Amino acid sequence: MKTYYGNREKCYECYRPKSSCMCGYFEHINTDTKFVVLMHPKEFKKVKNNTGHFTHKSLRNSELFIGIDFSNHKRINDIIERHDSYILFPSDDALNLTHVNPKKSEKPLAIFIIDSTWACTKKIFTQSENLSSLKHMSFTTDRVSEYEIKVQPDDAYLSTIESTLVVLELLNKHQIEVIEDNLLSGFLRPFKKMIEYQKNLIANPQSHAVRFKKHKTSK
Ligand SMILES: [Zn+2]
C-alpha cells in the first residue's frame, strides 16, 4: 500500500492523494451548531484513515485544528466562550443525544470531535485543560461502521464522519437543526467512495487509478 500513497501529490482540500481526490463528492451542509474537529499531529499525516478532513470539508460551520495541548489555543477558547460546548466522549455522565435534547442555553451549540486513535485522543484530552472541562456527549445507535479496511477495536466504533452523521440526524430529531434528507443521505458519499477506491486498489493495484478517474467523471 505504501508505494501508492507514499510520494503522491496531495490534494490540500480533502487531504487525499490527488489521484484519488474526493472533493467532487462532498455535500456542503449549513448548521447553526459549530463543529470543531481536533486532530493529533500523528493522525494528520495519515492519508488513509482520517475522515476528520471529510467532516470538516462537508460542514460549513466547522473548524479543524491540529495539536495535542489546546489549553491556551486562542481560537478554541473563543469558541468555548461563545458557545454551549460539548465534546463527543462516551463517559458515564455524558449527555446521551439519542434520548436527551442538549439545547438548554441561548448560546449556539458547539460540538468538539477528536479525530484520532483512542491513545491519541486520551493524550489530547488529558493535556488540554479547556477540553477536559467540557460537557460530554454520547449517542446510542445501531449503525455499524462501513470501514471494513480499518481494523475496528469493536463493533461499536464508528469513524469520525459516521459519528458526525449520527449527531446530525439526532440534532434534526431534536429540531435543533433542519438539514434536508438528501444532504444527510449524501454525507457519507466521499467516505464510501474512498472505501470503494481502497478496495479496488487492493484487488487490482495496477490498473485502478485509470478506472477510478473514468468512474468519477461519469458521476
Ligand atoms: Zn481533494
For this session: Spot the failing condition for residue 91; the list is (1) surrounded by 14 or more Cβ atoms within 10 Å (Cβ to Cβ); (2) at pLDDT below 95; (3) of a type in the set (S, T, N, Q), and only one is missed.
Result: (1)
For this session: Write out, first by first residue and then by second, each pair whose Cβ atoms fall under 6 Å of each other, whose residues are 6+ apart or on separate chains, and whose first residue, in the range 10-30, is near the ligand (Cβ under 7 Å from one of its atoms) and of a type in the set (A, V, I, L, M) while the second is open to solvent by 20 Å² or more (accessible area, probe 1.4 Å) and not in a loop (DSSP other than H, G, I, E, B).
Result: 22/193
Problem set entry | Failed item in (1) under 25 Å from residue 191 (Cβ atoms); (2) at pLDDT 95 or above; (3) open to solvent by 70 Å² or more (accessible area, probe 1.4 Å), with residue 135 passing the rest | (1)
Exercise. How many residues are polar (S, T, N, Q) and outside any loop (DSSP other than H, G, I, E, B) when one looks only at the range 49-58?
Worked result: 2
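Which one of these is modelled with pLDDT of 90 or more and within 16 Å of the ligand (Cβ to nearest atom): 57, 48?
57
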For this session: List the number of the failed condition for residue 40; all other conditions in (1) more than 14 Å from the ligand (Cβ to nearest atom); (2) at pLDDT 85 or above; (3) more than 14 Å from residue 116 (Cβ to Cβ) hold.
Result: (3)
Problem set entry | Verdict on residue 116 being modelled with pLDDT under 85, open to solvent by 10 Å² or more (accessible area, probe 1.4 Å) and touching a Ser or Thr at 6+ places or on another chain (Cβ under 8 Å) | no
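From 187, 191, grab the single residue that is surrounded by 22 or more Cβ atoms within 10 Å (Cβ to Cβ), farther than 18 Å from residue 61 by Cβ and touching a residue at least 12 places away in the same chain (Cβ under 8 Å). Full working, then the answer.
Values: 187 fails: farther than 18 Å from residue 61 by Cβ.
Just one listed residue meets the conditions, 191.
The values are calculated or read from the model by the stated rules, or taken from the named source; none is laboratory data. It should be emphasised that the depicted structure is a prediction, and the values quoted were computed from it without experimental measurement. A quick note on method: Cβ atoms are made from the backbone with ideal geometry, for glycine too, and the neighbour counts reach across all protein chains shown. The area values use the complete protein model at the heavy-atom level, side chains included, leaving out ligands, DNA and RNA. Shrake-Rupley method; radii C 1.70, N 1.55, O 1.52, S 1.80 Å.
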